[in-house]
Amino acid sequence: MNLFADISEVIVKITSQKRTDHTSEQLRLVVLGHVDHGKSSLIGRLLAEAGALPQGKLEKVKEICRRTSRPFEYAFLLDALKNERDQGITIDTARCFFKTRRRSYLINDAPGHVEFLKNTVTGAAGADAALIVVDASEGIKENSRRHGFVASMLGIKQLAVVINKMDLIHYDRNAYEKLASEFGDFLARLGIRPFSFIPVSAREGVNVVKRDRRTAWYRGPTLIEQIESFKKAPSPLK
């Protein structure tokens, strides 16, 4: 059985997205990964630590969590779709914008469930760069590989792998290196050479914007440094 047969069929049916913003200042970034591997939490933490949230937004969400006796999660910052709030999953591609001193970004948080693969492909189409999020404690799942294949089929050359939830494995360097090697070998067979494999903890903010002594063995970029290093793809209209 061909693991990726359904992906090829979906991609064939989806036409290339026309860009609505032709400025050279905005980079389109898609965040891919298996369900519950922490994509939304990672984006929420990035927005919070990069100072990209509307004033008072973080405090408001924390207060709602306090009043409803729910533990705060950074994923709640992206909880904009009613169906997502009701079901607790990302069923559509949630978009958000943020700016740094260098440029602005459009981030697509693609759904992680295989049932919504078409939405994932739609969210990834036209992206300048991609992140694939992998749960360090769960490892590489079938959908992790599917999303690598999606990036390959769509011709996304700028890609980094974010190995999230490092806190759950006590920031074990050997476990990180094993995951990076395994997934790196798989992506290489698809013609993709990731720019980096970033060990992070979205929950604790490790290597999202700031480095942390718990991963002193890691010499690569933080998440924000990697994102800032991606280049804007040339417009297909030129």
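The values are calculated or read from the model by the stated rules, or taken from the named source; none is laboratory data. Keep in mind the model is a prediction, meaning the values are calculated, not measured. So basically every Cβ, Gly included, is an ideal-geometry build from the backbone, and we count neighbours across all protein chains shown. Ligands, DNA and RNA are excluded from the accessible area calculation, which covers all protein heavy atoms including side chains. Shrake-Rupley method; radii C 1.70, N 1.55, O 1.52, S 1.80 Å.
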- prompt: Does region 218-237 hold any residues that are open to solvent by less than 10 Å² (accessible area, probe 1.4 Å), in a loop (DSSP other than H, G, I, E, B) and not polar (S, T, N, Q), and which are they?
  reply: PHE230
- request: Might you let me know whether region 196-217 holds any residue that is more than 18 Å from HIS37 (Cα to Cα), open to solvent by 70 Å² or more (accessible area, probe 1.4 Å) and either in contact with a His (Cβ under 7 Å, 6 or more places away or on another chain) or outside any helix (DSSP H, G or I) (or both)?
  value: yes
- prompt: Does ARG146 meet the test of being open to solvent by less than 40 Å² (accessible area, probe 1.4 Å), touching a residue at least 24 places away in the same chain (Cβ under 8 Å) and charged (D, E, K, R)?
  reply: yes
- prompt: Do we find that ALA130 is open to solvent by less than 20 Å² (accessible area, probe 1.4 Å), farther than 25 Å from PHE72 by Cα and in contact with a Pro (Cβ under 6 Å, 6 or more places away or on another chain) in this structure?
  reply: no
field: Cross-chain or 6+ apart pairs with Cβ under 6 Å, region 221-238 first and among the hydroxyl-bearing types (Ser, Thr, Tyr), then open to solvent by less than 60 Å² (accessible area, probe 1.4 Å) and modelled with pLDDT of 70 or more
entry: THR222/ASN207
- prompt: Residues of region 156-178 being within 15 Å of the chain's Cα centre (by Cα) and outside any loop (DSSP other than H, G, I, E, B), which ones?
  reply: GLN158, LEU159, ALA160, VAL161, VAL162, ILE163, ASN164
task: State whether the residues of region 167-183 include one that is at pLDDT below 95 and open to solvent by less than 10 Å² (accessible area, probe 1.4 Å).
output: no
